[in-house]
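Where a number appears in this text, it was derived from the coordinates with a stated rule and is not lab data. Predicted model, so just to flag it, every value in this text is computed and none were measured. Here the Cβ positions follow ideal geometry from the backbone for every residue, glycine too, while neighbour counts run over all protein chains shown.
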Amino acid sequence: MTISADKELYEINLKDGKLTQLSNINAHVYDNVKMGKVEKRMVKTTDGKEMLTWVILPPDFDPTKKYPTLLYCEGGPQSVVSQGWSYRWNFQLMAAQGYIVVAPNRRGCPSFGSEWREQISGDYSGQNIQDYLAAIDEVAKEPWSDEERMGCVGASYGGYSVYYLAGHHQKRFKAFISHCGIFNFESMYGETEELFFINHDYGGNYWDKENKIAQRSYANSPHKFVQNWDTPIMIITGEFDFRIPYTQSLQAFTAARLMGVDSRLVEFENEAHQVFKPQNSMVWNREFFGWLDKYLKK
């Protein structure tokens with residue numbers, strides 16, 4: 001499985017690492033689909049480290065043209081941005097709509113050592129946010145990336161990232177999409193079914209005023225920066241989500257409306273933290289690209 005293909009069987013030569021493909025059950029599909037080029041970049045972060053970032057270009061990419069560009073914010077937060085294929089967060093599908101996709105392995109992503117992975121806990125609003133911005137700012141320098149038409153998308157922790165960046169992006173983005181994101185840390189603490197996790201990643205509860213790590217986390221909850229929201233945002237959620245309950249999305253949507261920000265709420269009554277049903281996935285993708293096209297393809 002790769003960014004450009006679903007699962008197939010391969011044989012690997014342990015001596016030289018050479019791969020031999022053994023199955024090709026999806027050939028009849030791939031033979032009729034144009035894939036975009038996938039580039040692997042190392043981007044220098046604000047603290048001088050190297051960050052693996054994937055850049056996926058549209059099919060028939062023309063370097064003399066300018067393309068709208070998307071920053072993809074990974075969920076987890078402790079999950080890697082690597083080879084993968086899905087009918088939802090599919091980078092090739094995004095690129096096929098004419099978008100450049102920037103997918104960084106920001107702080108918190110595994111596969112780059114325990115220090116890199118663990119740094120994010122207790123620091124949601126810190127270095128990893130700077131990692132996101134370092135990645136998109138680097139690609140925005142390219143002559144084929146249109147910095148006047150940039151969007152930011154993500155789910156779960158990535159949805160939190162979208163909400164946080166909406167209050168701190170300094171006019172970089174023209175459209176946001178947050179799927180099942182954390183909006184209000186305090187209410188989230190009393191709603192989620194995964195209390196161990198947020199105790200670990202927030203640093204503790206919100207009433208412990210002596211806990212400096214926890215207090216920093218709650219002080220930087222996205223809902224405390226809604227006064228800075230000025231960019232269109234789509235919010236997607238599932239009513240069966242108990243990880244990040246759908247009420248988080250309702251709070252964010254209400255805030256956006258009250259701020260006068262163009263916003264749209266897409267709520268699935270029969271989905272949870274992810275969209276699994278094929279028909280719902282078609283709706284999800286139609287809404288997703290419809291929103292981006294509205295603001296990034298003018």
Which stretch or stretches of segment 65-107 have amide N atoms under 20 Å from the point lying 7 Å from His200's Cα along the Cα→Cβ direction?
-> 74-81, 106-107
Counting pairs of alpha carbon atoms under 8 Å apart in space and at least six apart in sequence, what relative contact order in percent does segment 159-212 give?
-> 29 percent
Provide the per-residue ³J(HN,Hα) series for segment 10-23, in order, calculated from phi with Karplus coefficients 6.51, -1.76, 1.60 and θ = phi - 60°, each as a whole number of Hz, with x at glycine and proline positions.
-> 10, 10, 10, 7, 5, 7, 10, x, 5, 9, 10, 6, 9, 10
Measure of compaction for the chain (Cα Rg per 2.2 N^0.38 Å) = 1.00
Can you list the residues, at least 5 places off or on another chain, whose amide H is less than 5 Å from the amide H of Ile120, using H built in the peptide plane?
-> Gly108
What's the Kirkwood radius of segment 133-292 in Å, using all Cα pairs?
-> 16.4 Å
Using alpha carbons only, how many degrees (0 to 90, rounded to 10) separate the axis of helix 127-140 from the longest principal axis of the chain?
-> 40 degrees
Sorting Leu250, Gly167, Gly126 by the position of each Cα along the dipole of the chain (Lys, Arg +1; Asp, Glu -1; all at Cβ), the one nearest the positive end of that ordering is Gly167
Once phi is turned into θ = phi - 60°, what whole-Hz ³J(HN,Hα) does the Karplus curve with 6.51, -1.76 and 1.60 give for every residue of segment 211-227, x standing for Gly and Pro?
-> 8, 5, 5, 5, 5, 5, 4, 5, 5, 10, 4, x, 5, 7, 10, 4, 4
At a temperature of 4 °C and a viscosity of 1.567 mPa s, determine how fast segment 8-76 diffuses translationally according to Stokes-Einstein, using the Kirkwood radius over alpha-carbon pairs as Rh; express D in µm²/s, rounded to the nearest whole number.
-> 81 µm²/s
Using θ = phi - 60° and Karplus 6.51 cos²θ - 1.76 cosθ + 1.60, couplings along segment 147-162 (whole Hz; Gly, Pro as x) | 6, 8, 9, 10, x, 9, 9, x, 10, 6, 4, x, x, 4, 4, 4
Dmax and Rg, reported as Rg then Dmax, of segment 37-187 (C-alpha, Å) | 14.5, 48
Using modelled amide H (1.01 Å from N, peptide plane; none on Pro or chain starts), what sits under 5 Å from the amide H of Met150, excluding residues fewer than 5 places away?
-> Thr69, Lys174
Average projected area [Cα convex hull, segment 184-234], square nanometres | 4.3 nm²
Using only alpha carbon pairs under 8 Å that are at least six residues apart, calculate the relative contact order of the chain and give it in whole percent.
-> 15 percent
Could I have the simple spin-label model distance between Arg286 and Gln130, label points 7 Å from Cα toward Cβ, reported in nm to one decimal?
-> 4.4 nm
Overall Cα dimensions of segment 120-201, principal axis frame, Å, largest first = 46, 21, 17
For n ≥ 4 DSSP H runs only, could you compute -39500 (n - 2.57) per run for the chain, divide by its residues and tell me the 222 nm figure to the nearest 500?
-> -9000 deg cm²/dmol
What is the distance, in nm, between label points placed 7 Å from the Cα along the Cα-to-Cβ direction at Glu267 and at Asn13?
-> 5.8 nm
How long is the gain from Lys49 to Leu22 if the chain were fully straight, where each residue apart is worth 0.36 nm and the alpha carbon distance is subtracted?
-> 5.9 nm
